[in-house]
Amino acid sequence: MTFSAGFLEVLVYGSIAWCAISVIGLGVTLVPDIARGETW
Amino acid sequence: MTKTQALLDPTLGWVLLAAFSVLWVGLGIYWGRRNKNFEDHALAGRNIGLALGSATAAATWITSNTTMLAPQFALQLGIWGMLAYSTASFGLLLFAPMAGRIRSLMPNGYTSGDFFRLRYGRVAWGIFLVFTLFYSLTWLVSMAMAGGILLNALSGISYAWGMSVILGVCVLYTMRGGLAAVIGTDFIQSMIILAGIVIVGIAVLSQVPVAEIHANLTAERPALLDVLFPAAIMAIFNNLLFGLGEVFHNNVWWSRAFAFRKGVAGKAFALGGLIWFPVPIAAGFIALASGALNVPVPASDMVGPLVVATVLGKAGAIGIFVIVFCSLASSIDSLLAATSDLLTEDVYRRMIKPAATPDRLKTVAQWVTLGLGVFTWAVCLPRIGTLATVLFFAGPLVGAMIWPIVTGLYWRSATTTGAIGGMLLGAAAGLACYFLIGWYTGALVATAVSMVWVVACARFSAARFDWAKLKESS
Amino acid sequence: MLYAASPPTFRSDGAIDSDTGYSLIEWDASGPATLAIAPPGAPSRELYSGSNEAFFISGLADGTYRLTLRDASGQEAPPLELRVAHQSVTQALWLVALGAIVFLATVAAILRGARDD
């Protein structure tokens with residue numbers, strides 16, 4: 001039983017996309033924090 | 001030892017190192033000016049918001065191990081290796097509900113040591129301190145050593161200089177800026193690391209499609225695709241529980257639970273875990289492409305940088321250098337800050353000088369940070385390679401603390417006998433199995449034995465803990 | 001007269017055993033060398049050619065592999081045997097089962113939260 005090429009594809013592209021979303025998400029979360037003065 | 005050519009020339013390495021050093025130290029000094037007392041210094045005024053909170057949880061957990069060891073894990077243990085590594089994110093995800101509870105049970109707490117002392121008494125507290133200091137100091141030493149070794153391999157900067165600079169920079173900005181500096185720089189570092197991983201991943205995929213990687217693995221390294229690869233599937237839960245133990249007990253995470261603004265802690269840890277989850281896969285898969293790209297690997301721990309340098313050339317080498325530097329700094333700074341707070345609060349204030357003023361405590365914490373840095377530097381300088389492997393002995397120690405902590409936070413019936421016995425029996429059984437059977441049983445057996453003992457003690461105990469005792473006034 | 005360069009040699013004294021399917025192969029050679037591997041019952045294929053003196057091999061299935069090393073002048077090292085016998089799948093699955101139980105119990109304890117207070 002082996003992991004298929006399709007599975008590897010989903011894993012690799014999925015994780016890269018996920019990281020990209022994380023970067024944008026982190027940046028976007030900072031905006032309301034700054035606006036409300038709740039950064040720290 | 002085979003000599004591998006450094007990927008960058010030392011001059012460029014020094015320029016990059018200097019630029020980032022100036023940036024981190026400058027920010028540390030700037031942010032440190034807000035800190036008036038120990039609470040500001042150690043916990044950034046207990047007021048960290050969601051964005052910085054999530055970023056610091058993720059960035060601290062992304063060590064040089066994540067960005068460098070993930071490719072090595074993928075090359076050795078294949079697809080399961082990457083997935084097993086990703087399970088370390090469960091530590092952060094499961095700490096999320098615990099962090100909220102910690103914040104409400106202990107509004108005046110400073111460290112995880114405070115919890116052990118108030119919940120289980122001085123003996124359990126002493127055992128905890130021994131375990132956590134062993135883990136924290138070996139983690140710190142192994143990362144500082146990794147820093148020297150990686151900077152040397154990437155740019156030819158000598159080991160002693162690379163290690164000294166990275167440690168010195170982290171000590172300087174942590175000492176001056178406290179947790180605020182650590183968390184502020186963590187935000188920038190996490191953005192750089194994540195963006196770097198995305199760029200590197202896309203660059204590798206533009207050179208070789210996944211189908212080709214898969215075909216190459218099927219032909220030349222079939223075990224890496226095997227769903228029942230024994231060494232890899234045994235690693236899954238051992239790694240997972242190791243990660244749980246690391247996060248649940250260590251003051252790196254507890255100090256953040258105390259430092260986050262009310263209502264933010266749970267969300268920030270959950271987001272941090274979600275951000276972390278794909279990182280070992282996105283950073284690790286490039287190792288699987290080494291065969292299809294015809295990149296010869298003379299040492300498994302250099303596979304990541306070698307693939308990236310092949311695909312992206314000089315730009316890739318610079319990118320890897322920056323990613324490694326950020327991953328190292330974001331973890332070394334946190335560990336320095338949290339361990340110095342632990343020593344200041346649990347040893348200096350609780351054992352030596354209970355009457356110390358907040359101002360005095362801040363000064364002590366700064367000197368302890370410097371002391372930790374000097375200690376780490378002295379241990380790392382001779383470059384004894386076997387030291388880094390000592391970190392793996394910590395698996396059984398941290399695994400054995402999972403159940404005493406979880407039940408201590410949620411069950412009034414959890415007892416001191418349960419906690420002390422769980423930690424000692426679990427650690428002993430885990431260490432025995434580690435040496436007699438194999439590394440992949442250490443954390444697993446320790447957690448299992450400790451769990452059985454802790455649950456049995458709670459079941460037969462008539463004592464009921466009064467939660468109010470955790471609300472010690474500061 | 002030029003001295004004939006000594007033939008390349010593997011650094012390992014005897015056969016290498018691996019229970020993980022990976023191993024670091026190291027050798028000494030005075031110049032570039034070519035490393036090849038012959039899987040059980042299959043023809044030899046080249047793994048590496050160049051001046052490195054080590055190659056990290058991984059993902060091998062069970063079996064005995066024969067490694068050969070040749071330098072540019074055609075001199076060969078005595079071949080090296082690499083014996084791969086993965087650990088028991090049964091043992092691995094038992095450990096997975098134990099791990100799953102401990103993990104799920106931990107998750108349950110945390111998600112159930114505080115009781116009797």
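The values are calculated or read from the model by the stated rules, or taken from the named source; none is laboratory data. Computed from a predicted structure; not experimentally measured. Heads up, the Cβs are rebuilt from the backbone with ideal geometry, glycines too, and the neighbour counts pull from every protein chain shown. In case anyone asks, the SASA skips ligands and DNA or RNA and just uses the protein heavy atoms, side chains included. Shrake-Rupley method; radii C 1.70, N 1.55, O 1.52, S 1.80 Å.
From the alpha carbon centroid of segment B:42-69 to that of segment C:1-63 is 43 Å. Over the Cα atoms of segment B:324-412, the radius of gyration divided by the Kirkwood radius equals 1.05; this is the Rg/Rh ratio.
Cα centroid separation, segment B:258-317 to segment B:432-474: 33 Å. Taking all protein chains into account, the per residue accessible area for chain B stands at 31 Å² (1.4 Å probe).
Diffusion coefficient of segment B:2-92 by Stokes-Einstein, Kirkwood radius over Cα pairs, 37 °C, 0.692 mPa s: 194 µm²/s.
Helix-only arithmetic for chain B: the sum of -39500 (n - 2.57) across DSSP H runs with n ≥ 4, divided by the residue total, places the mean residue ellipticity at 222 nm at -25000 deg cm²/dmol.
Scaled against 2.2 N^0.38 Å for its residue count N, the alpha carbon radius of gyration of segment B:116-160 is 1.83.
Charges were assigned to the Cβ only: +1 to each Lys and Arg, -1 to each Asp and Glu. The resulting dipole of the protein assembly as shown about its Cα centre is roughly 2460 debye. Computed over the protein assembly as shown, the P(r) tail beyond 33 angstrom holds 46 percent of alpha carbon pairs. The residues packed around B:Val364, meaning those with a beta-carbon under 9 Å from its beta-carbon, carry a net charge of +4 if Lys and Arg are +1 and Asp and Glu are -1. The alpha carbons of segment B:49-197 stretch over 49, 38, 33 Å along the principal axes, in descending order. With a/c under 1.5 counting as rounded, go ahead and sort segment B:373-452 into rounded, prolate or oblate using the C-alpha gyration tensor (a ≥ b ≥ c being the square roots of the eigenvalues; past the cut-off, prolate if a/b is larger than b/c, else oblate). Oblate, since a/c reaches 1.5 and b/c is not below a/b. Across segment C:9-97, the fraction of Cα-Cα pairs farther apart than 17 Å, rounded to a whole number, is 50%.
Calculated on C-alpha atoms, the gyration radius of chain A divided by its Kirkwood radius gives an Rg/Rh of 1.37. Legend: residues in segment B:371-408 shielded by at least 20 square angstrom of accessible surface upon adding the remaining protein chains to the isolated chain (1.4 Å probe, heavy atoms) are B:Trp403, B:Val406. Where the accessible area of the protein assembly as shown is counted over protein heavy atoms with a 1.4 Å probe, how much of it, in %, is carbon and sulfur? Answer for the protein assembly as shown is 66 percent, counting heavy atoms of protein chains only. Over chain B, the reciprocal of the mean inverse Cα-Cα separation, the Kirkwood hydrodynamic radius, stands at 22.6 Å.
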